[in-house]
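K.L.:
Before we start, here is the structure in question, set down as structure tokens.
Where a number appears in this text, it was derived from the coordinates with a stated rule and is not lab data. Keep in mind it's a predicted model, so treat the numbers as computed, not measured.
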Amino acid sequence: MSIGPAIAPTAGLAVATAVSAPQPASDVSITAGQLQAEVTADLAEPVPASAQPSALSAMVSEAVTRQDGLAPLLADLAVAVNAPALPDDARATAVQILSSQTALGADITAEALKSAAQGSGVFLEASVAAAVLAPEQAPPNLQVDLKALLLQLASELAPLIEGPTLTRPAGNAATAAPSRALSSKLEPPVAGGPTAGQPAARATLDPQAQTEILARALQDEAQGALARVQLSQAASVPKAGEPTRWLFEIPIATPGGAGIAQFEISRDGRGPSGGGAAEPAWRARFSINVAPSGPVHADVMLGKNRARVTLMAEDAGARQALEAHQAELVAALAAEEGPDVAVRIIGGAPPRPQQPPGQLLDRRS
């Protein structure tokens with residue numbers, strides 16, 4: 001069930017904040033060698049424990065005002081790859097980003113989802129750090145890591161932009177560009193918070209646009225997507241007394257274009273309870289939003305020889321379609337996990353988990 005290296009509370013935090021803090025477009029530069037060198041330097045200089053919350057808070061404060069959904073960027077990249085003004089190196093990176101989409105068909109496998117999770121960008125620095133600490137292991141493939149590709153795209157677009165880039169307003173829907181009318185309403189990813197899928201977005205780029213106009217639009221969207229990955233990384237940092245959890249998003253191929261599925265996988269580590277009943281060792285929550293079904297949410301708990309699944313569909317037609325295949329899902333789970341399987345399918349949206357006060361300030365209104 002392991003999906004990748006957890007972000008350590010010391011080295012992982014230092015690496016994530018030092019290597020991937022939001023930067024002006026003109027200052028962005030990333031190569032595989034540079035990333036490994038910076039990770040090595042960070043691991044060689046332990047960060048004092050007292051500095052960790054400050055570093056994390058600074059990264060979150062900056063990223064939360066810049067974060068944006070990945071769906072608008074994917075929609076515009078699909079146009080940009082055919083635009084004459086896009087340089088060849090940025091075009092090749094755009095193709096790689098677009099190819100990161102996972103098709104959620106009937107033949108989807110656990111291995112495909114695991115690979116998508118590992119390439120979501122959340123584990124980038126931790127994977128590089130693991131390779132630095134264990135040189136005998138194969139280094140991570142940065143050409144399939146979403147965060148590394150976003151950094152690479154931003155680096156390739158930066159020379160095409162003259163003058164400073166504009167800082168995006170903090171979620172001001174009234175002044176946001178049309179391409180972000182929907183994504184500006186996205187809640188930042190928060191550990192234990194609600195999951196939400198992003199539907200496919202509509203492209204707003206003119207394929208005949210001048211080079212700088214095209215580069216500025218893609219750079220702004222790439223920086224917003226990078227900030228959102230950083231927030232997912234911050235939400236995945238282990239906290240004392242809480243379950244280990246990983247929060248990440250992966251692009252999915254839908255008939256209407258590229259959408260985004262959001263996942264949170266957690267491990268409670270409690271094992272069997274005193275009464276002998278096995279507590280769930282793993283929990284996965286995820287959401288997708290694919291037309292015409294609309295938002296669908298899943299909550300899966302797996303323990304020793306037992307499974308509990310709740311599917312929630314906000315659209316009545318989608319709920320009925322899930323109910324029609326409920327018996328098949330029960331049979332498939334029973335074949336994998338044993339006879340102790342329960343599947344519920346209900347309508348509506350999941351209840352919002354209770355969040356402790358003070359995590360994030362809503363600056364959108």
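K.L.:
Apply the Karplus parameterisation 6.51 cos²θ - 1.76 cosθ + 1.60, with θ equal to phi minus 60°, to every residue of the range 256-264 and state each ³J(HN,Hα) to the nearest whole Hz, in sequence, with x for glycine and proline.
P.N.:
x, x, 7, x, 10, 9, 10, 10, 9
K.L.:
Another question about this same structure. Specify, per residue and in Å³, the volume enclosed by the convex hull of the alpha carbon atoms belonging to the range 80-129.
P.N.:
Cα convex hull per residue, to the nearest whole number: 101 Å³.
K.L.:
Taking N as the number of residues in the range 215-271, what is its Cα Rg relative to 2.2 N^0.38 Å?
P.N.:
Its radius of gyration relative to the 2.2 N^0.38 Å reference: 1.48.
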